[in-house]
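Note sheet for the following structure.
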Amino acid sequence: MSKITLVEAVNQALEYEMAHNNNVIILGEDVGKNGGVFRATLDLQSKFGEERVLDTPLAESMIVGTAVGMATQGLRPVAEIQFMGFIYPAFDQIINHASRLRNRTRGRLHCPLVIRAPYGGGIHAPEHHSESTEALFAHVPGLRVVIPSSPLRAYGLLLAAIRDNDPVLFLEPKRIYRMVKQEVPNKGEALPLDECFVLRSGTDITLVTWGAMVHETMKVAESLALQGVEAEVIDVATIKPLDIDTILQSVEKTGRCVIVQEAAKTCSVGAEIAAQIAEQGLLYLCAPIQRVSGFDTVMPLFKLEDYYMPSENRIYSAVKQTMEFA
Amino acid sequence: MDTDARKLLLEKMLYARRFEERCFEAYMEREIGGFLHLYVGQEACVFGVMAAARAGEDAVITGYRDHVHGLAVGMDSKLMMAELFGKESGCCHGRGGSMHLFDLQKQFYGGYAIVGAPFALAIGLAKAIQLQKRDQIAICILGDAACNQGTFHESLNMAALWQLPVLFVCENNLYGIGTRIDRSTAVTELIERAKGCGVTGAQADGQDIEAVFEASKVAVEHVRSGQGPYFLELKTYRFRGHSMSDSNVYRDKSEEEQWAGRDPIQILKNRMLESQEITEEEYKSLDKEILDTIENEVVAFARQAPSPDVEDLEKYVLCDTDGDSEQGVNTNG
Ligand SMILES: Cc1ncc(C[n+]2csc(CCOP(=O)(O)OP(=O)(O)O)c2C)c(N)n1
Ligand SMILES: [Mg+2]
């Protein structure tokens, strides 16, 4: 089996599910003839036809609204937003409609749709093409927010997202779209939503992260191991609903926790995780929780980007401080 | 148009072409980061419009393919190049980049990466001009695909309802990234959609700068004389991919070749050669002069300019809370 990248795994999952479920429809800007600006939908229109892979006009609100309408009729739309920064014209459709239909109709309608969007920094792009605003969406009841961090998890989680009966915002960390390759069996096996993945077990400190930051965090964990510090690394994967139990079990074992995220710090997903640990696991802690995070400012352009993004150095020094806390 | 005016426009278009080509090289050399959308092939549009308007005085707002718009309002190309290089000396101090050029002195309210957003911002500019009775118009320049965004309809409706002093210029290059206009748009003559919103207007050949200029004179006169908004649709074509990462596989080669034969610079140059207003030698020496200026002044300036300071990262987020007392020029309101 040949190894594939994260974006190829997205394409493979889409293709698998389209082949096995006629109700799956793809829609978005340039997704058809052009194969998507990141090539995530490459060749899908030629394989499944223009009826099932719809090139839309440049109109995000319409794209998501259309997906919501389709979803209420038994279809399973997968909408692409070209960059996460372009999703805001569709904010109304996502927050006021997609995520509330089920509640308002008391379960008579639900909204099985997926919105895929590349997100995150590290590709030298300007602000809207680089930021991580997952917390805006995680705040909304009725919406799942899922972020894969490897080709395997992209494949398995995207299949799960399409099969899920609720709206899922599926955020793809574009910095690692082509960074690593893995063998990804194309057997249509989904991975569980709403569960964290423990990528490395350890007893000394818990490192909680998601998306592209998983890679920096794993590297730090490996170098810590050389110094005799065994870090447990948790990939949150589903940001909302949050699997706090896995995180708490780990913190109970290690007593120390560092959260690593690209997003701006205030009111972030990291803030929520820290709050829940404080509520339910305060007495496990031997040291204050630390967040290694982006800054409370607009994502800067490439000259300052490396400074903005959590680096291995920043993660390492936060771990060191946490470990050294009496 | 007299010879001097023609010469000036030819020079401006050629400068813009060479500027964009130099940006391409700098991007390949990784001196420019982020995304880069070149205006090659479309030069007649913005220069034709701004020749009819008051460049540097009328308020201009546009999308992300904005370098040449910056030149057309009279921005200093050194500060533009420094911005593209992400440097502190850039027009946004290296915070905006290629898609977000800005120059308050030139009343250039900037490039915007979010397609469609400037339509609505232009309504605000125009409403303020109207309320404050300023001798100025607002000019909003966007692409064809942008006209499918909700803000197009929302904004044109307001412009007509309030009879705002705003000129909408649509650079219709037939594509939004890889999607051809007839695959995304039911009414492909965009002027018809503007009329449907109650905004009058016209179409013009966007490859012929004199045609653009003549049409723009009518348009600007209409808006400036208080007759309300105007929509000018310019038929044009971008000669390169959408951005540097564009595979450019979606266009027919024959279509590309056909448009390549309608290069706005060649059209004006040939006209001037025929009427003996310029010689091939003069053109060549002009070209060489431009290339030298761009290399030795513009690129050299951008290269040696300092990078932004990490200490400033969290400044200018909110007024007064970042320890910086500098206020916007609009705070006297
Ligand atoms: C709200 C939003 N959606 C999508 C994009 C991605 N995108 C950038 S340019 C573009 C096409 C715009 O085409 P057009 O308006 O015709 O201008 P042109 O590029 O042809 O000059 C798209 C889809 C974006 N920048 N903003
Ligand atoms: Mg276009």
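Which helices, counted as full DSSP H runs in chain B, have an axial Cα extent of no less than 18 Å and a Kyte-Doolittle average of 0.5 or above?
B:117-131
Using only protein heavy atoms and a 1.4 Å probe, report how much of B:D182 is accessible, in Å² to the nearest 10.
Taking all protein chains as shown, B:D182 has close to 90 Å².
Calculate the length of the line joining the C-alpha centroid of region B:134-162 to that of region B:248-274, in whole Å.
29
Per residue of A:54-64, what is the mean number of Cβ atoms on other protein chains within 10 angstrom of that residue's Cβ?
The shielding value for this peptide is 5.
List the extent of the Cα atoms of region A:197-324 along each of their three principal axes, largest first, rounded to whole Å.
Result for region A:197-324: principal-axis Cα extents of 40, 34, 24 Å.
With every protein chain left in place, what is the accessible area of B:Y316 in Å² (1.4 Å probe, nearest 10)?
Taking all protein chains as shown, B:Y316 has close to 140 Å².
Using the Cα atoms of region B:3-312, I'd like the radius of gyration and the largest Cα-Cα distance, Dmax, both in angstrom.
Just the Cα atoms of region B:3-312 yield Rg and Dmax of 18.8, 58 Å.
Only Cα pairs within less than 10 Å get springs; with that Gaussian network setup on chain B, which residue of B:E282, B:E20, B:E57 has the largest fluctuation?
Most flexible of the set in this elastic network: B:E282.
Would you list B:K217, B:K87, B:K288 from the most to the least accessible area, probe 1.4 Å?
B:K288, B:K217, B:K87
Placing +1 on the Cβ of each Lys and Arg and -1 on the Cβ of each Asp and Glu in region A:1-73, which of A:I4, A:N34, A:A71 has its Cα farthest towards the positive end of the resulting dipole?
A:I4
Among A:T203, A:S268, A:V24, whose Cα sits farthest toward the positive end of the charge dipole of chain A (+1 at Cβ of Lys/Arg, -1 at Cβ of Asp/Glu, about the Cα centre)?
It is A:V24, whose Cα lies furthest towards the positive end.
So if R0 is 22 Å, what FRET efficiency would A:F91 and A:D194 give, r being the distance between their Cβ atoms, rounded to the nearest 0.05?
FRET efficiency, A:F91 to A:D194: 0.40.
Explain nothing, just the number: dipole magnitude of region B:1-158 about its Cα centre with +1 on each Lys and Arg Cβ and -1 on each Asp and Glu Cβ, in debye rounded to the nearest 20.
Charge dipole of region B:1-158: 220 debye, to the nearest 20.
Each label point is 7 Å from the Cα along the Cα-to-Cβ direction; what then is the distance between the points at A:S201 and A:K253, in nm?
In this crude label model, A:S201 to A:K253 measures out at 0.5 nm.
Among B:L318, A:L27, what's the order by accessible area (1.4 angstrom probe), most exposed first?
Ranked list, largest accessible area first: B:L318, A:L27.
Given an 8 Å cut-off on Cα distances and at least 6 residues of separation, report the relative contact order of region A:188-276 as a percent.
39
When a/c is below 1.5 the answer is rounded, else prolate if a/b is larger than b/c, else oblate, so apply that to the protein assembly as shown with a ≥ b ≥ c taken from the square roots of the Cα gyration tensor eigenvalues.
Prolate is the answer for the protein assembly as shown, as a/c is 1.5 or above and a/b outweighs b/c.
With +1 assigned to the C-beta of every Lys and Arg and -1 to the C-beta of every Asp and Glu, and no other charges, what is the dipole magnitude of region A:3-183 about the Cα centre in debye, to the nearest 20?
The dipole magnitude comes to about 540 debye.
What is chain A by shape, rounded, prolate or oblate, if you read a ≥ b ≥ c off the alpha carbon gyration tensor as root eigenvalues and call it rounded for a/c under 1.5, prolate for a/b larger than b/c, and oblate otherwise?
prolate
Given a Förster distance of 41 Å, report the FRET efficiency between B:S275 and B:S254 from their Cβ-Cβ distance, rounded to the nearest 0.05.
Approximately 0.85, to the nearest 0.05.
In peptide A:126-133, how many Cβ atoms from other protein chains are near each Cβ within 10 Å, on average?
For this peptide, the per-residue mean of nearby foreign Cβ atoms is 4.
How big a patch of accessible area, both sides summed and in Å² to the nearest 100, lies buried between B and A at a 1.4 Å probe?
When B and A are taken together, about 2800 Å² of accessible area is lost.
Residues of B:26-35, mean number of Cβ from any other protein chain within 10 Å of their own Cβ, rounded to a whole number?
3
Going toward the positive end of the dipole of region B:37-138, with +1 on Lys and Arg Cβ and -1 on Asp and Glu Cβ, which of B:H93, B:V115, B:Q132 do you reach last?
Among B:H93, B:V115, B:Q132, the one farthest towards the positive end of the dipole of region B:37-138 is B:Q132.
Between A:R178 and A:S311, take the C-beta separation as r, use R0 = 30 Å, and let me know the FRET efficiency to the nearest 0.05.
E between A:R178 and A:S311, to the nearest 0.05, is 0.90.
Just how large is the dipole of the protein assembly as shown about the Cα centre, in debye to the nearest 20, putting +1 at every Lys and Arg Cβ and -1 at every Asp and Glu Cβ?
That gives the protein assembly as shown a dipole magnitude of about 1560 debye.
Would region B:176-291 count as rounded, prolate or oblate if I go by the C-alpha gyration tensor, calling it rounded below 1.5 in a/c and otherwise prolate when a/b exceeds b/c, oblate otherwise?
In terms of gyration-tensor shape, oblate.
Can you give me the distance in nm between label points at B:F24 and B:V187, each placed 7 Å from the Cα along the Cα-to-Cβ direction?
Placing both labels 7 Å along Cα→Cβ, they lie 3.7 nm apart.
Taking the Cα centroid of region A:275-311 and of region B:51-82, what is the distance between the two, rounded to the nearest whole Å?
40
Give me the accessible area of B:W259, 1.4 Å probe, in Å² rounded to the nearest 10.
Accessible area, nearest 10 Å²: 50 Å².
Among the GluC sites (Glu not before Pro) within region A:112-189, which fall in a DSSP loop and have no more than 15 other Cβ atoms within 10 Å of their own Cβ?
A:E189
Roughly to the nearest percent, how much of the accessible area of the protein assembly as shown is carbon and sulfur, given a 1.4 Å probe?
51
In what sequence, largest accessible area first, do A:C286, B:C197 appear using a 1.4 Å probe?
A:C286, B:C197
The values are calculated or read from the model by the stated rules, or taken from the named source; none is laboratory data. No experiment lies behind these values; they were computed from the predicted model shown. Counting neighbours? That spans all protein chains shown, and the Cβs are built from the backbone with ideal geometry, glycine included. Keep in mind that these areas ignore ligands, DNA and RNA; they rest on the heavy atoms of the full protein, side chains included. Shrake-Rupley method; radii C 1.70, N 1.55, O 1.52, S 1.80 Å.
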